[in-house]
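A short worksheet on the structure shown next.
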Amino acid sequence: MKPSSVLLLLQLCCLQVAVLVSRSTCRLPETLVQETHHRLRDLGGSIPNHCKTQTDQIHFPESILSHGARRLPQCRWTSMLVYGALQGAQLVFDDYVVPEGEGGVSWDSQNLDLYQNVQYRLVEDHPCLNNTEASAALAPYFSNVTALIAQQDSAACGWQVLRTDLLWVLKSTLHNRRECFNRTKAQ
Ligand SMILES: *[C@@H]1O[C@H](CO)[C@@H](O)[C@H](O)[C@H]1NC(C)=O
Ligand SMILES: *[C@@H]1O[C@H](CO)[C@@H](O)[C@H](O)[C@H]1NC(C)=O
Ligand SMILES: *[C@@H]1O[C@H](CO)[C@@H](O)[C@H](O)[C@H]1NC(C)=O
């Protein structure tokens, strides 16, 4: 074998190792997650009182944040969970129209666009995160929230619950698991 082909082989092998490593350590960029949090916060509104009977049955599984998957490293699980929550929300946004006007949510449509753009960027730009397990853990929650959103008379309540819970996930992970995000400034 010529020295040059040995070199090529070595390069190929290392490239693959590099790809594997980046796959397994893929982290969400802190600045973008922060921006997502701020955009969502700026949509405003809270869960109206009259929603109580409808939303009483929906419980975001808060405990999975800390003891979701003990066999996975904490940061890996945190990344998966944040990604899974945003991806789940993305699917809801894809399938349902946010109700506006009377009986709807009072979100400013420009703010909503800004939020959806940044959420979309986070989800689409990080396919390296295999969040099968986090999605499974969040599935009962999304199924309940979607059931509310799917019905006209409870849709606004459902959207506000979704916003409140997503905000909580982003806020508590940014606060308590800051080290789990990619804090390298983009070039
Ligand atoms: C963190 O972000 C930088 C800059 O965008 C990127 O080059 C790097 O691969 C990222 N690291 C991880 C572990 O995702
Ligand atoms: C989903 O709704 C069912 C039936 O109302 C309830 O028993 C369950 O606790 C809810 N689960 C979540 C995660 O909200
Ligand atoms: C993603 O993770 C699940 C559960 O750990 C595993 O079964 C599946 O094969 C993985 N998929 C990919 C594409 O790596």
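The values are calculated or read from the model by the stated rules, or taken from the named source; none is laboratory data. The structure presented is a predicted model; accordingly, all values stated were derived computationally and were not measured. Backbone-built Cβ (ideal geometry, glycine too); neighbour counts: all protein chains shown. Areas reflect the complete protein model, heavy atoms only, side chains present, ligands, DNA and RNA absent. Shrake-Rupley method; radii C 1.70, N 1.55, O 1.52, S 1.80 Å.
Side notes on the structure shown:
- Amide hydrogen neighbours beyond the local backbone of Arg177, cut-off 5 Å, H modeled: none
- The label point for Ser63 and the one for Gln34, both projected 7 Å from the Cα toward the Cβ, are 3.3 nm apart.
- Debye log10 I(q)/I(0) at q = 0.25 Å⁻¹ for segment 69-145, Cα point scatterers: -1.20
- Take the Cβ atoms of Asp94 and Cys128, set R0 to 22 Å, and the FRET efficiency comes out at 0.55.
- Accessible surface of segment 69-124 [probe 1.4 Å, protein heavy atoms]: carbon and sulfur percent: 43 percent
- Relative contact order for segment 52-149, counting Cα pairs under 8 Å that sit 6 or more residues apart, in percent: 47 percent
- Near Leu28, the amide H atoms lying under 5 Å from its own belong to Asn182; only residues 5 or more places off or on other chains count, and H is placed 1.01 Å from N.
- Using only Cα coordinates, the Kirkwood hydrodynamic radius of segment 129-187 works out to 13.5 Å.
- Shape category assigned to segment 25-86 from the gyration tensor of Cα positions, a/c cut at 1.5: oblate
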